[in-house]
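Okay, so here's the structure we're looking at.
The values are calculated or read from the model by the stated rules, or taken from the named source; none is laboratory data. If you're wondering where the values come from, they're calculated on a predicted model, not measured in any experiment. Cβ sites come from the backbone with ideal geometry, for glycine too, and all protein chains shown count toward neighbours. Remember, those area values only see protein heavy atoms, side chains included, never the ligands or the DNA or RNA. Shrake-Rupley method; radii C 1.70, N 1.55, O 1.52, S 1.80 Å.
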Amino acid sequence: MLITITLNHKKITSEVSPDTLLIDWVRAQGCASVKRGCETANCGLCTVFLEEKPVLSCSVLAVRADGKRVTTLEGLQEEAAEFGAFIADQGAEQCGFCNPGFVMNALALFREKPDPTEEEIREYLAGNLCRCSGYEGQMRGILNFLAWKKEKKSAKEEVR
Amino acid sequence: MVTIRNYKKAESLEEAWRLNQQRGNRILGGMLWMKMGKGTIQTAIDLSGLGLDKIEETPEGWRIGCMVTLRQLELHEGLEKYTGGALREALRHIVGVQFRNLATVGGSVFGRFGFSDVCTMLAAMDSYVELYRGMEAAPNVEAAQNVETAQNVETAQHVAAAQNVETAQNVEAVQNVEAAQNVEAVQNVEAAQNVKAAQNMGAASNVGMTPNMGVVPSVEAPQNVKAAQRERAVPNVGAVPGAEVSSDGVSVGKVFLGGAPIVRVPMREFLSPGYGKAPLSKDASEKTAEKASGNVAEKADGNAAGNASSGYDRDVLVSVLIRREPAAYCYQSVRNSQTDFPVLSCGAAWISGEGGHRLRLSIGARPARAICLESGLFSNEMPQEEARAFGEYAEEHIPTGSNLRGSAAYRSHLVRVLAMRAALRLGGNGKC
Ligand SMILES: Cc1cc2nc3c(=O)[nH]c(=O)nc-3n(C[C@H](O)[C@H](O)[C@H](O)COP(=O)(O)OP(=O)(O)OC[C@H]3O[C@@H](n4cnc5c(N)ncnc54)[C@H](O)[C@@H]3O)c2cc1C
Ligand code: FES
Ligand code: FES
């Protein structure tokens, strides 16, 4: 089947079989950040944005993304690097395997809720499993990042 | 992962329904459950081009299209407000946001999973399933009911009996209205009568076990309980419109929505063991619960002339209707760890009516499918002792089983605690 997907702002037309999963399709397009961490739709490692929403690419048929926009970490380099530094600062990244999915979903959270509470952060990121850390480092990193953003914003407003 | 040979984006419900009558074809929901299965799907039928991804406010309540995601449902302001946050509570523990952005209401309800938070919550509400051309499988209901009665399968009989009685009453009312109508209606009446007969049988054989029919001891005695039941039957039964009249009303049975022939089934009936079998069910706990209905389906198969596979399970679930009622809701679940399946799930409604309140309790992840208990009348406030008595009654009457997430004894204990908490939270002074 012929499908056209706008992947990281680039329109790509390709031939897929009816059961090609989106995860395998984006990987075939060179987006290696997207990984499979489980077989049961549980780990969140395969998170991509379908239009603007974070979804598990391991559970979406590529044909269902036909005509839509798909964004992976490769398409969000700047945003991801900015945020990722705060996570690294806390040593929250150990083996790092969970990181791409975690960063994607954290970015989705910030878009949906720019100023989340700790409880909201926990709830939004509950579907991103990490087998190394105890999630505490990530939480500290997120809170630091949010505080830094707030500061940056208020500094900007003062200048104005 | 399943293998999919062909993919078809349906252009109409009729097309989806026709395709779905062929063995080997399957409707795609969010595909999260389906994906974990093995085997081959001939044609995967996609309903996502039919505008069924909307939550629509109607005069009676809300109509939720089958392709609405669990996340959409969770974030819906009207439903959040109406349920006092209970619906959101039922959904927010399901795996993660990225998962809930995909999982659909249609797949969640049609799957009738025992562990389902979605089904547990919907069963606690006044909700209905709307199936495209579902009535065409109606003769199977009789077979299904008979088999169920004969085998006396689930131990949930008393509760099922209570449900049956309610249904029977509805059917009866529907019958009266329909009786005056056209030939087609007469055929329906015949089907309905059979159903009723079968159900009465089912009910009768169980009544001895629980004379109160799932009604807990309450401040007032059995007469009131009966009154409450009569009252209960009424709001569910609107007039069934004539064949050409399109209806948005909450009548059960055959209705027309935007010209499409739809059969509307009360959620609790849809979830009852005899109704259908869970498709692609891999959960071991589910298997036990579904064994009975599996047999039913085989039997029903034989009767379903021309229909592939098991009658009802070839239906297309178009939407779920939530009817507004004067009620407050709460939802609780117990999980061994965040985002895991629940060990037990509990939805409850505190329904105001003339002379007091009734409590409707829905318990799921028993580990079998959700079932409901309905209380008699309580006065305006739920005293501590009554709440405790309600918990004990629920523990005694709601059957539980064991699986790797918890033993039957543990689950029964949880039934008591959660039922009591629900009673206190909704009817008490808020302390629990
Ligand atoms: C790992 C995992 C954990 C889960 N944990 C929980 C949990 O804790 N609590 C909970 O409540 N649920 C849980 N679920 C279930 C989940 O929420 C969904 O209910 C489930 O995935 C089915 O929804 P779906 O949209 O993915 O349907 P699918 O998997 O696509 O479909 C399920 C079945 O329904 C049929 N179907 C779908 N739509 C229709 C329709 N419109 N008409 C007729 N038939 C249809 C399909 O053919 C299929 O047989 C979990 C699922 C998974 C995979
Ligand atoms: S690979 Fe684990 S959720 Fe997709
Ligand atoms: S750092 Fe290893 S899985 Fe998260």
For chain A, with the dipole built from +1 on Lys and Arg beta-carbon atoms and -1 on Asp and Glu ones, taken about the Cα centre, which of A:I12, A:T71, A:C38 lies farthest toward the positive end? A:I12
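Find the sum over both chains of the accessible area lost when A and B are paired, probe 1.4 Å, and report it in Å² to the nearest 100.
The contact between B and A buries close to 2300 Å².
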For the range A:34-75, what does the relative contact order come out to in percent, with C-alpha contacts under 8 Å and a separation of six or more? 37
Shielding by partners for A:56-65, please: the mean number of other protein chain Cβ atoms within 10 Å of each residue's Cβ. 6
Length-normalised contact order of the range A:2-74 in % [C-alpha pairs under 8 Å, at least 6 apart]: 41
Cut-off 14 Å between beta-carbons: net charge of the residues surrounding B:V334, Lys and Arg +1, Asp and Glu -1: +3
How many Cβ atoms of partner chains, on average, are near each residue of B:88-98 if near means within 10 Å of its Cβ? 6
Mind grabbing the accessible area of B:R411 for me, 1.4 Å probe, Å², rounded to tens? 0
Counting only DSSP beta bridges fully inside the range A:2-74, the antiparallel percentage to nearest 5 is 85
If every Lys and Arg gets +1 and every Asp and Glu gets -1 at its Cβ, then about the Cα centre the range A:76-159 yields a dipole, in debye to the nearest 20, of 80
What GluC sites (Glu not before Pro) does the range B:354-390 have in DSSP loop regions with at most 16 other beta carbons within 10 Å? B:E354, B:E381
For chain A, take the longest principal axis of its alpha carbons; what is the angle in degrees between that and the long axis of helix A:77-89, to the nearest 10 within 0 to 90? 50
At a 1.4 Å probe radius, which order do B:Y410, B:Y331 fall into by accessible area, largest first? B:Y410, B:Y331
With all protein chains present, how much of the accessible area of the range A:2-74 (probe radius 1.4 Å) comes from carbon and sulfur, to the nearest whole percent? 49
Just the number, please: carbon plus sulfur as a percent of the accessible area of the range B:1-147, 1.4 Å probe, no ligands or DNA/RNA counted. 50
What angle do you read, to the nearest 10 degrees and between 0 and 90, between the alpha-carbon axis of helix A:136-159 and the longest principal axis of chain A? 70
Within the set A:K53/A:K153; A:K11/A:K156; A:K35/A:K113; B:K9/B:K35; A:K150/B:K81; A:K35/B:K35, which residue pairs have Cα atoms separated by over 29 Å? A:K11/A:K156; A:K150/B:K81
Could you please put B:C346, A:C95 in sequence from largest to smallest accessible area, using a 1.4 Å probe? A:C95, B:C346
Chain A: mean projected area of Cα convex hull, nm²: 10.1
Once amide H atoms are placed 1.01 Å from N in the peptide plane, what residues at a sequence separation of 5 or more from B:F378, or on another chain, have their amide H within under 5 Å of its amide H? B:H357, B:R358
Under 8 Å for C-alpha pairs, at least 6 residues apart: give me the relative contact order for the range A:76-159, rounded to a whole percent. 43
Ordering B:F113, A:F97 by the accessible surface of their heavy atoms, 1.4 Å probe, largest first, yields A:F97, B:F113
